[in-house]
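Quick notes on the structure that follows.
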Amino acid sequence: MEAAAAAVRYGIVGVGMMGREHLHNLAHLATEVEREQSVRVRVTGLADPHQESLRLGLQLAAELGLPPPQIFPGHRELLDSGLCDAIIVSSPNMTHYEILMDIIRHREPQHILVEKPLCTTVQDCKKVIEAAKQRPEIVVQVGLEYRYMPPVAKLIDIVKSGTLGQVRMVAIREHRFPFLVKVLLAVFLPAIHTSPLIVFRYNLQVNNWNRFNCNSGGTLVEKCCHFFDLMILFAAANPVRVMASGAIDVNHKNEVYDGQVPDIIDNAYVIVEFDNGSRGMLDLCMFAEGSRNEQEICVVGDIGKGETFVPESIVRFGKRTEGRDGVVTIMAEDERIKYQGLHHGSSYLEHLNFLSAIRAQGASGPSVNLSDGLLSVAVGVAGQLSIEQGRFVTMEEVLGL
């Protein structure tokens, strides 16, 4: 008689668009890993104060053929239920800190995959890191899944192989659509630790929490932490100085929430300098729907250049000595991906990595750790401050070193 497969039970905190995206990925993961790795993946709980989000989560679970998960009005009830081994945190950005601290401090250890950004401030990220040090039995992985997009992962491999030589420049362009509609209810507000005036104001704002810097951390934190994470990976160095220019020029200018107009920027240029002398540049535009590719990434070393395009999934690379005729073009694919989803299969690979870290039981850490999450937020915070004050901002200043 065969032994029963080990089970990993997941709960999802925040069942909006991204929470349901995780539900999709877990459903596909459950099918694959039970067959290939003799482990059962189960979604046993959903937590959200928004009843419509819970309803849609249950409906999706049924459509995916999953057993109906138990529902909870908040994350604390989910944690206390004892139903979960791992928690996916996909709630609004400004709630991450309190939810993470509650999970880490809970009497029962529960592993964590937290959506980006880790937190909206550097201070909160550092507090989470310190708390997690006291619970080494808990895996905490940060959702910077752009690393896993097949064309990006291929470019990372090319850079690490030394094909391009010493990286000197990283240029990332994201030209895309505006921020999506989001939902926020007052029940989430206890996790917001800010001034009473702001809490009162957003108690009345029930939609589109991502339109305000105090909720999201700002566009360069909310959206662009992905790209700063990639810059750090490609440069293989620590960021030391940031200069940015940006504004809100087109999007959301006619929207009003409790008398307040959104303050998130919709375009920016950001320059990041690294301690090995390399530099990165981000070109962001969020009113560029008429683009063939949403992301274009270019890495130039002292002997070669590589570039990739998403969603075309094309990767090109060549050496200076071989010129234009020597440029190689390939299509990047990853056969492990069983669900493409909203991020070209990267969320599925993210879940594969998270499950592997859980099953390793401390033998290996998460593929994207808390320090990665902190640095990606810190560069974004530095960029936001640079735009506000019109000056270079050092990472020492932002990190409090």
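The values are calculated or read from the model by the stated rules, or taken from the named source; none is laboratory data. A quick note: this is a predicted structure, and the numbers were derived from the prediction, not measured. All Cβ positions, even for glycine, are placed from backbone atoms using ideal geometry, and neighbour counts span all protein chains on display. Ligands, DNA and RNA are excluded from the accessible area calculation, which covers all protein heavy atoms including side chains. Shrake-Rupley method; radii C 1.70, N 1.55, O 1.52, S 1.80 Å.
Annotations
- Proximal charge balance of LEU83 [Cβ under 12 Å; K/R count +1, D/E count -1]: -2
- Each Lys and Arg Cβ is given +1 and each Asp and Glu Cβ -1; about its Cα centre, the chain then shows a dipole of about 320 debye.
- Net charge over other residues, Cβ less than 14 angstrom from the Cβ of GLU108 (K, R count +1; D, E count -1): 0
- Secondary-structure-derived ellipticity at 222 nm for the chain, considering helices only, amounts to -10500 deg cm²/dmol, per-run term -39500 (n - 2.57) for DSSP H runs with n ≥ 4.
- The residues of region 7-144 expose on average 37 square angstrom of accessible surface per residue, using a 1.4 Å probe on protein heavy atoms.
- The string of couplings for region 20-34 from the Karplus curve (6.51, -1.76, 1.60, θ = phi - 60°) is 6, 4, 5, 4, 4, 5, 5, 5, 5, 4, 4, 5, 6, 6, 5 Hz, one whole number per residue in order, with x for Gly and Pro.
- For TYR269, the solvent-accessible surface with a 1.4 Å probe is about 130 Å², rounded to the nearest 10.
- Of the residues MET395, MET281, MET169, ranked by 1.4 Å probe accessible area with the largest first, the sequence reads MET169, MET281, MET395.
- When you filter the GluC sites (Glu not before Pro) in region 220-308 for DSSP loop state and at most 16 other Cβ atoms inside 10 Å of their Cβ, you are left with GLU255, GLU289.
- Remark: region 7-144 carries a charge dipole of roughly 220 debye about the Cα centre, counting +1 on each Lys and Arg Cβ and -1 on each Asp and Glu Cβ.
- The chain: relative contact order as a whole-number percent, Cα under 8 Å and 6+ apart: 20 percent
- Net charge of Cβ neighbours under 12 Å - reference VAL368; Lys, Arg +1; Asp, Glu -1: -3
- For LYS182, residues with placed amide H under 5 Å, excluding near neighbours: ASN208, TRP209, ASN210
- For region 7-144, relative contact order (Cα pairs under 8 Å, six or more residues apart, normalised by length) works out to 24 percent.
- Relative to the globular-protein estimate of 2.2 N^0.38 Å, the Cα radius of gyration of region 7-144 stands at 1.00.
- Portion, in percent, of the accessible area of the chain that falls on carbon or sulfur, probe 1.4 Å: 52 percent
- Approximate spin-label separation LYS160-VAL261, in nm, with each point projected 7 Å along Cα-to-Cβ: 4.7 nm
- For LYS319, the lysines whose Cα comes closer than 19 Å to its Cα, not counting residues fewer than 8 places off in the same chain, are LYS154, LYS160, LYS305.
- At a probe radius of 1.4 angstrom, the accessible area of region 201-328 per residue rounds to 42 square angstrom.
- In this calculation the C-beta distance from LYS127 to LEU401 is compared with R0 = 22 Å, giving a FRET efficiency of 0.85.
- Exposure ranking of GLU388, GLU32 by accessible area [1.4 Å probe, largest first]: GLU388, GLU32
- Förster radius 41 Å - calculated FRET efficiency between GLU108 and ASP302, Cβ distance, rounded to 0.05: 0.20
- THR329 accessible area, assembled protein chains, probe 1.4 Å, Å²: 80 Å²
- Eligible lysines near LYS127 by straight Cα distance, threshold 29 Å, same-chain separation 8 or greater: LYS116, LYS182, LYS223
- Ranked by solvent-accessible area (1.4 Å probe, protein heavy atoms only, all chains present), the residues THR308, THR120 order from largest to smallest as THR120, THR308.
- Structure-derived Cα extents along the principal axes in Å - corresponding label in (i) 79, 42, 36; (ii) 62, 60, 42; (iii) 69, 61, 43: (ii)
- Each 10 Å bin, from zero up to the one with the longest distance, holds this percent of the alpha carbon pairs of region 300-401: 12, 22, 27, 32, 7.
- Taking all protein chains together and rolling a 1.4 Å probe, LEU29 ends up with roughly 0 Å² accessible.
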